Amino acid sequence: MAKKTALAAPSILSVDYGCLAEEIRSVETAGAEWVHIDVMDGHFAPNLSFGPKTVADIRPVTKLILDCHLMVSNPQDYIETFAEAGADYFTFHIEAALHANRVIQQIKAAGMKPGICIVPSTPVHVLDEILDELDLVLILLVNPGFGGQKMIPSCLEKLPKLVSIRKESGYNFLLSVDGGITTENASLAIEKGADVIVAGNAFFTASDRAAAVKKLKGIDY
Ligand code: DX5
Ligand code: ZN
């Protein structure tokens, strides 16, 4: 059986914002398929990053998928602006949404693909009632807020649980992991079921970004 590989989604949380367009182009040149955009509001996550205008400015620079991860309270307040900015995926936190099903409908109505994210302390079964509506499930392997943290390995065990639920129920969401992923541990996440690999530090600090992408995708291990 062919070895499972994954899509690579470098996270721009770790870039030098002084040369953002150049850095985005290097994501494309290195062979990654997605750009992961970590949005933080300083409330849901203890850090501030960027907003919809950054997405709008990135949009014309690349044809890659813009995978927006909103670590914000009240994610429903940002759906329209991210859709207008050109986001492809709009992933919000189940911990920040009282009415997640309604937020998902609003994301779809705005023309984006809905994703949900769970923090390390949130169990998979919290998602039971919305998995059928999702295009993406993002498993956060660190406590949200900063790049370059160490992965919490037990979070990886959420992947096989979601793989079997998806198979039994015929759902078709993609599984993505985010936080503490390196060129060394990406293959383990892929073996456990990850379809998309988010990596900030591992990509943007790599001396050879194309080689790093291959390892992150599980091609070269
Ligand atoms: C949550 C952020 C980070 C970032 C990836 O804090 O979502 O996980 O994307 O950070 P690295 O890949 O540098 O650990
Ligand atoms: Zn993220």
Expected single match for touching a residue at least 12 places away in the same chain (Cβ under 8 Å), away from ligand 2 (no atom under 14 Å from the Cβ) and of a type in the set (G, A, S) among A32, A8, A2 is A32
Flag for F146 being assigned to a loop (DSSP other than H, G, I, E, B), of a type in the set (F, W, Y) and under 27 Å from V27 (Cα atoms): yes
Filtering the stretch 159-214 for residues that are more than 19 Å from D132 (Cα to Cα), small (G, A, S) and within 16 Å of ligand 2 (Cβ to nearest atom) leaves a count of 7
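Residues that are more than 15 Å from ligand 1 (Cβ to nearest atom) and under 16 Å from F204 (Cβ atoms): which helices (runs of 4 or more DSSP H) entirely in the stretch 12-92 hold 1 or more of them? Give the derivation first.
Values: elements: 20-29, 52-58, 79-85.
Once the helices (runs of 4 or more DSSP H) in the stretch 12-92 are filtered for at least 1 residues that are more than 15 Å from ligand 1 (Cβ to nearest atom) and under 16 Å from F204 (Cβ atoms), what remains is 20-29, 52-58.
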Answer yes or no: is there a residue in the stretch 33-40 that is surrounded by 15 or more Cβ atoms within 10 Å (Cβ to Cβ) and more than 17 Å from the chain's Cα centre (by Cα). no
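I need a count of the residues in the stretch 1-11 that are at pLDDT 95 or above and more than 13 Å from ligand 1 (Cβ to nearest atom).
To start, the set of residues in the stretch 1-11 that are at pLDDT 95 or above comprises 5-11.
Retained after the next criterion (residues that are more than 13 Å from ligand 1 (Cβ to nearest atom)): 5-7.
Selection size over the stretch 1-11: 3.
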Looking at the stretch 3-12, is at least one residue among the small types (G, A, S) and surrounded by fewer than 21 Cβ atoms within 10 Å (Cβ to Cβ)? no
Could you say whether any residue in the stretch 170-186 is among the β-branched types (V, I, T) and touching a Lys or Arg at 6+ places or on another chain (Cβ under 8 Å)? yes
Say whether the condition of being more than 12 Å from ligand 1 (Cβ to nearest atom), touching an Asp or Glu at 6+ places or on another chain (Cβ under 7 Å) and under 27 Å from T29 (Cβ atoms) is met by at least one residue in the stretch 162-174. yes
Qualifying position, being more than 12 Å from ligand 2 (Cβ to nearest atom) and over 24 Å from V163 (Cβ atoms), among A45, A100, A56: A56
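Among the residues of the stretch 173-186, is any in a helix (DSSP H, G or I) and either crowded, with 23+ Cβ neighbours inside 10 Å or touching a residue at least 40 places away in the same chain (Cβ under 8 Å) (or both)?
Keep residues of the stretch 173-186 that are in a helix (DSSP H, G or I), which gives 186.
Now drop any that are not either crowded, with 23+ Cβ neighbours inside 10 Å or touching a residue at least 40 places away in the same chain (Cβ under 8 Å) (or both), which leaves 186.
Checked the stretch 173-186: at least one residue is in a helix (DSSP H, G or I) and either crowded, with 23+ Cβ neighbours inside 10 Å or touching a residue at least 40 places away in the same chain (Cβ under 8 Å) (or both).
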Tell me whether the stretch 115-133 contains one or more residues that are of a type in the set (G, A, S), closer than 17 Å to A45 by Cα and not in a helix (DSSP H, G or I). yes
Exactly one condition in (1) of a type outside the set (F, W, Y); (2) touching a residue at least 12 places away in the same chain (Cβ under 8 Å); (3) more than 15 Å from ligand 1 (Cβ to nearest atom) is false for L98; which is it? (2)
Report, by residue number, each residue of the stretch 137-156 that is buried (at least 19 other Cβ atoms within 10 Å of the Cβ) and either charged (D, E, K, R) or within 12 Å of ligand 2 (Cβ to nearest atom) (or both). L138, I139, L140, L141, V142, P144, G147
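The values are calculated or read from the model by the stated rules, or taken from the named source; none is laboratory data. Model, not experiment: these values are computed from the prediction. Methodologically, a virtual Cβ is constructed for each residue, glycine included, from the backbone with ideal geometry; neighbour enumeration extends over all protein chains shown.
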